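Visitor: Pasting a structure below so you can have a look.
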Amino acid sequence: VREPFIHQVGNIRIFFSHYPAIEKENFDINIHGHLHANGHREGEGGGKDWHRNISIELTDLKPIRLKDVI
């Protein structure tokens, strides 16, 4: 497990985190897990157009390419 961090790819600032970010601050996209296959639930921060949920259930337990997510 690692602390959340921001990584820039080209001109896109990506916030990687376990939980979805509630507010969008200083990044363009939030790549997260935690919500698994349950979708985004009210009050957990997910479901906004800048969220990318990559929980392993949604990727069929397979690695995915960053370029396919952003």
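Visitor: Can you tell me which of 60-67, 7-14 comes out highest on packing, and rank the rest after it, using the mean Cβ neighbours within 10 Å?
Guide: Ranking the peptides 60-67, 7-14 by packing returns 7-14, 60-67.
Visitor: Sequence-distant or interchain residues sharing an amide H contact under 5 Å with SER55, placed H: which?
Guide: So SER55 has HN proximity to HIS36.
Visitor: Can you run phi through the Karplus equation (6.51, -1.76, 1.60; θ = phi - 60°) for the range 53-67 and list ³J(HN,Hα) in whole Hz, with x for Gly and Pro?
Guide: Values, residue by residue: 8, 10, 4, 4, 5, 7, 9, 6, 6, 10, x, 10, 7, 4, 4 Hz.
Visitor: Taking the Cβ of ASP68 as the center, what net charge do the other residues with Cβ under 15 Å away carry, scoring Lys and Arg +1 and Asp and Glu -1?
Guide: +3
Visitor: Would you grab the residues whose amide H sits under 5 Å from the one on ASN30? Only those 5+ places off in sequence or on another chain, please, with H modelled 1.01 Å from N.
Guide: Hits under the 5 Å cutoff: PHE15, HIS51, ARG52.
Visitor: Tell me the net charge near VAL9. Cut-off is 13 Å between Cβ atoms, VAL9 excluded, with +1 for each Lys or Arg and -1 for each Asp or Glu.
Guide: +2
Visitor: With θ set to phi - 60° and the Karplus curve 6.51 cos²θ - 1.76 cosθ + 1.60, what are the ³J(HN,Hα) couplings of the range 20-31 in order, to the nearest whole Hz, using x for Gly and Pro?
Guide: Couplings: x, 5, 7, 10, 8, 9, 6, 8, 9, 9, 10, 9 Hz.
Only the coordinates and a few stated rules stand behind these numbers; no lab work does. Computed from a predicted model, the values in this text were never measured in an experiment. Cβ coordinates were reconstructed from backbone atoms using ideal geometry, including for glycine residues, and neighbour counts include every protein chain displayed.
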